[in-house]
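> I have a structure I would like to understand better, so I am pasting it below and will then ask my questions one at a time.
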Amino acid sequence: MVIAEQEWFYGFIQINEEKNIVFPSLYSRIYGSKQMGQNKGKVTMYDLGIFDGTHDAGAVLLENGRPIFASNEERYTGQKGAGGWPQFTIEDALNHLPHNAKCRVAFAGRVNPNPILRLWRKQQQRWKLDDGKYFSHKKGIATRLNSWIQHDSPFPYLRSDHWLTQSYVPLLRRKLSQQLQTRHHLNIETVSIEDHHKCHAAAGHFTSGWDQSLIIVADGVGDGIALSIWKAHQSQLTLLRTIPYPHSLGLLFASITGYLGYRPFRHEGKLVGLSARGDASKIPLKFPTTAPPLNGQLEIMLGQPLKVWLRQLDGQAPEDVAAWLQQGLTRSIDPLVRWWIAETGLKKIVLVGGIFANVELNRTLLKTGGKQYYIFPHMGDGGLAMGAAMLSVHRFQPWRSRPLTTLALGPDLKSTGLETMARRYGMEPVQITHSPEAELAERLAQGQLVARAVGRMEYGPRALGQRSILAPAINRSIHTELNTKLNRSETMPFAPILLIEDLDRWVIGAHFAQHALPWMTVNVKAKPELVRLCPGIVHVDDTLRPQVVSAKNNPGLYQLLHHYRQKTGFPALINTSFNMHEHPIVRTAEDAMNAAQQAKIDCLQLEQFVFEK
């Protein structure tokens, strides 16, 4: 079916889907009776989700609604947070598509990503929010113009259901279809462009495994919205409330990140770590928000007015400003979540959007009255492609939520020629007597620093054992050693791995976080005995951000930690991402070799091989 012939039909569906009116049966009767009707279940359907914004671009491929590939462009280009057209990610995704198979395609965001930049890709490549364009201490016309475009022009206020947006969506869809055909020669069945916040909500709901939940989406801005509340019931997502731009806690946090000299949209996590070292009470300023549950607002406009207002913080200790910011964010989000839990009566809570990368905020929210919490592991805009693909499935065929059991959805390591490659990097293979995991456990017990790159790369911002650096946690001095080797900041604590059967023994409050703990998305409080035994994994406030591993979901990493515990009696290891500072997590075996050499890693596992310096 020719794309142009579908314009009227898809425009009709997209206009009406904001009112939760979708007509899959009409589509199946007109175009898809063979696939959606009498042969239902026999024909394999593929859905490709794409996020092509100025940062964290990526793609996801679903087979009959199940993720079979997911990755982000930064892992291929080596540029942290790479945006633009995710050329290499899409190509890798299409390697998992049978020859000449038809594919439905869904793009995330109708206003964000910027439609003009989507048509002007060269300029989009130059527009990097984390390089000073969003928040700059410089003065001059260029800085003020950038600030006006991003904060005061009509564009950030524009929503996906606005008449102007609806008028350009058919043209934008046609242009994106042409870009797909030109760059990838894909056999396209349909193309849709999905609402930014609805993509976030879909990514959270359809990977939670829950039939019914309350979904909180909070980020900087997406299609004119800063925060949205959704109710999920089976395959339906119902929008309950939105807080529009400019009342964005995410952009406020990004602005103060820039004010303190860090990179907005990149280093917010550093402020979370720094906040534990500060005292919010030392900051005399009132936090600039009103936070009633339904209509929280910023009292200071973003952009130039906020820059002027922030000068009142000049001279304050950065750690105190970070603590004040963290406290203000928590006091704004916490009552909102509590109110909606009480209003809806829902006890299963899904959190998604860039704000919920804040693991300390997530720890506080565990106490809001919900019984179970799930935080979508790729919560920021890098995870939008997953939501777009899920909406593509559910546009034409209702599909129940399925629990996410693994994030090993990226490219394989491609392990041919490893021994030859290792010798080029000055590494020799080790004779293994038992298993690679047992060998690494033995070396960790001796105090060595080891790295692990096996199987398919993880999707999302966390390294969960497939691309990880592991270290003993028995001394606090490991912080200095690791930070020096990896060129990282002292403000960031290192996260541990713990065995699932040991969880209640070592941490407090794990019950509510059980659906978040496999993915390193929430802080918990360490019990005193864990602080004593493994000080290297505990932050200055005795919190930690654990990854809990089980024999079922992560057998290799489980066996490694099990061997280590048997040898030493210590229950945890440091697990940090396998990359140098400001570089993406390694993807290929050569990436791993190069990073291991730079960081002076003692021992490296690549698939079934182990190498040493």
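The values are calculated or read from the model by the stated rules, or taken from the named source; none is laboratory data. Please read all numbers here as calculations on a predicted model, not as lab measurements. Here Cβ is always computed from backbone atoms with ideal geometry, including for glycine, and neighbour counts include all displayed protein chains. When the accessible area is computed, the model is the full protein with side chains, heavy atoms only, and any ligands, DNA or RNA have been set aside. Shrake-Rupley method; radii C 1.70, N 1.55, O 1.52, S 1.80 Å.
> Just checking, how many residues over the stretch 174-189 are open to solvent by 50 Å² or more (accessible area, probe 1.4 Å) and in a helix (DSSP H, G or I)?
6
> Can you name the residue in the stretch 237-281 that is hydroxyl-bearing (Ser, Thr, Tyr) and over 23 Å from Ile215 (Cα atoms) and, of all such residues, is most open to solvent (accessible area, probe 1.4 Å)?
It comes out as Ser281.
> Let me ask something additional. Identify all residues within the stretch 408-423 that are in a helix (DSSP H, G or I) and either without any contact (Cβ under 8 Å) to a residue 40 or more places away in the chain or surrounded by 14 or more Cβ atoms within 10 Å (Cβ to Cβ) (or both); write none if there are none.
The initial filter retains those residues of the stretch 408-423 that are in a helix (DSSP H, G or I), namely 418-423.
Listed by number, the residues that qualify are Leu418, Thr420, Met421, Ala422, Arg423.
> Report yes if Arg118 is at pLDDT 90 or above, assigned to a helix (DSSP H, G or I) and closer than 28 Å to Lys198 by Cβ, otherwise no.
Yes: the conditions hold for Arg118.
> List every residue pair whose Cβ atoms sit under 9 Å apart, with the two residues 6 or more apart in sequence or on different chains, where the first one lies in the stretch 298-324 and is farther than 21 Å from Val221 by Cα and the second, anywhere, is acidic (Asp, Glu) and surrounded by fewer than 19 Cβ atoms within 10 Å (Cβ to Cβ).
Once the first residue is farther than 21 Å from Val221 by Cα and sits in the stretch 298-324, its partners that are acidic (Asp, Glu) and surrounded by fewer than 19 Cβ atoms within 10 Å (Cβ to Cβ) give Ala317/Asp279; Glu319/Asp279; Asp320/Asp279; Ala323/Asp279; Trp324/Asp279.
> Can you pull out every residue in the stretch 53-107 that is crowded, with 24+ Cβ neighbours inside 10 Å and part of a strand (DSSP E or B)?
Gly58, Ala59, Val60, Leu61, Leu62, Ala70, Ser71, Asn72, Val105, Ala106, Phe107
> Only one of (1) within 27 Å of Thr433 (Cβ to Cβ); (2) open to solvent by less than 20 Å² (accessible area, probe 1.4 Å) fails for Pro584. Which number is that?
(1)
> I need a count of the residues in the stretch 363-379 that are under 11 Å from the mean Cα position of the chain (by Cα) and either in a helix (DSSP H, G or I) or under 17 Å from Arg266 (Cα atoms) (or both).
Adding up the residues that qualify gives 3.
> Which is buried (at least 24 other Cβ atoms within 10 Å of the Cβ), more than 24 Å from Pro403 (Cβ to Cβ) and modelled with pLDDT of 95 or more, of Ile229, Ile215, Ile225? Please lay out each step first, then the result.
Numbers: Ile229 fails: more than 24 Å from Pro403 (Cβ to Cβ); Ile215 fails: more than 24 Å from Pro403 (Cβ to Cβ).
Criteria check complete, one pass: Ile225.
> Among the candidates Ala510, Ala438, single out the residue that is in a helix (DSSP H, G or I) and among the hydrophobic types (A, V, I, L, M, F, W, C). Break it down stepwise before answering.
Values: Ala510 fails: in a helix (DSSP H, G or I).
Just one listed residue meets the conditions, Ala438.
> In addition: Check Gly426, Gly382, Gly447 and return the single one that is in contact (Cβ under 8 Å) with a residue 40 or more places away in the chain and either open to solvent by 30 Å² or more (accessible area, probe 1.4 Å) or assigned to a loop (DSSP other than H, G, I, E, B) (or both).
Numbers: Gly382 fails: either open to solvent by 30 Å² or more (accessible area, probe 1.4 Å) or assigned to a loop (DSSP other than H, G, I, E, B) (or both); Gly447 fails: in contact (Cβ under 8 Å) with a residue 40 or more places away in the chain.
The match here is Gly426.
> Determine if the stretch 474-484 includes at least one residue that is under 27 Å from Val350 (Cβ atoms) and of a type in the set (A, V, I, L, M).
The answer is no, given that none of the residues of the stretch 474-484 is under 27 Å from Val350 (Cβ atoms) and of a type in the set (A, V, I, L, M).
> Go through the residues of the stretch 327-341 one by one and say whether even a single one is touching a Cys at 6+ places or on another chain (Cβ under 8 Å) and either among the β-branched types (Val, Ile, Thr) or buried (at least 22 other Cβ atoms within 10 Å of the Cβ) (or both). Break it down stepwise before answering.
Residues of the stretch 327-341 that are touching a Cys at 6+ places or on another chain (Cβ under 8 Å), as a first pass: none.
Within the stretch 327-341, not a single residue is touching a Cys at 6+ places or on another chain (Cβ under 8 Å) and either among the β-branched types (Val, Ile, Thr) or buried (at least 22 other Cβ atoms within 10 Å of the Cβ) (or both).
> When you look at Thr405, is it in contact (Cβ under 8 Å) with a residue 40 or more places away in the chain, open to solvent by 10 Å² or more (accessible area, probe 1.4 Å) and among the β-branched types (Val, Ile, Thr), yes or no?
Against the criterion (in contact (Cβ under 8 Å) with a residue 40 or more places away in the chain, open to solvent by 10 Å² or more (accessible area, probe 1.4 Å) and among the β-branched types (Val, Ile, Thr)), Thr405 qualifies.
> Going through Leu325, Leu306, Leu310 one at a time, which residue ends up being in contact with a Phe, Trp or Tyr (Cβ under 9 Å, 6 or more places away or on another chain) and under 24 Å from Met379 (Cβ atoms)?
That would be Leu325, the only listed residue that is in contact with a Phe, Trp or Tyr (Cβ under 9 Å, 6 or more places away or on another chain) and under 24 Å from Met379 (Cβ atoms).
> Would you check if Tyr564 is in contact (Cβ under 8 Å) with a residue 40 or more places away in the chain, farther than 15 Å from Leu413 by Cβ and under 25 Å from the mean Cα position of the chain (by Cα)?
Working: in contact (Cβ under 8 Å) with a residue 40 or more places away in the chain: yes; farther than 15 Å from Leu413 by Cβ: yes; under 25 Å from the mean Cα position of the chain (by Cα): no.
So Tyr564 fails the test.
> Tell me yes or no: at least one residue of the stretch 394-402 is more than 16 Å from the chain's Cα centre (by Cα), closer than 10 Å to Gly204 by Cα and open to solvent by less than 20 Å² (accessible area, probe 1.4 Å).
Filtering the stretch 394-402 down to residues more than 16 Å from the chain's Cα centre (by Cα) leaves 394-402.
Checking which are closer than 10 Å to Gly204 by Cα leaves us with 401.
Going one step further and asking which of them are open to solvent by less than 20 Å² (accessible area, probe 1.4 Å), we end up with 401.
Yes.
> Still on this structure, please answer the following. Just one of the numbered conditions (1) touching a Lys or Arg at 6+ places or on another chain (Cβ under 9 Å); (2) crowded, with 17+ Cβ neighbours inside 10 Å; (3) assigned to a helix (DSSP H, G or I) is not true of Phe135; which one?
It is condition (3) that Phe135 fails.
> Specify the residue that is nearest to Ser477 (Cα to Cα); the eligible residues are those in the stretch 534-576 that are in contact with a Lys or Arg (Cβ under 7 Å, 6 or more places away or on another chain) and assigned to a helix (DSSP H, G or I).
Restricting to residues being in contact with a Lys or Arg (Cβ under 7 Å, 6 or more places away or on another chain) and assigned to a helix (DSSP H, G or I), the top hit is Gly536.
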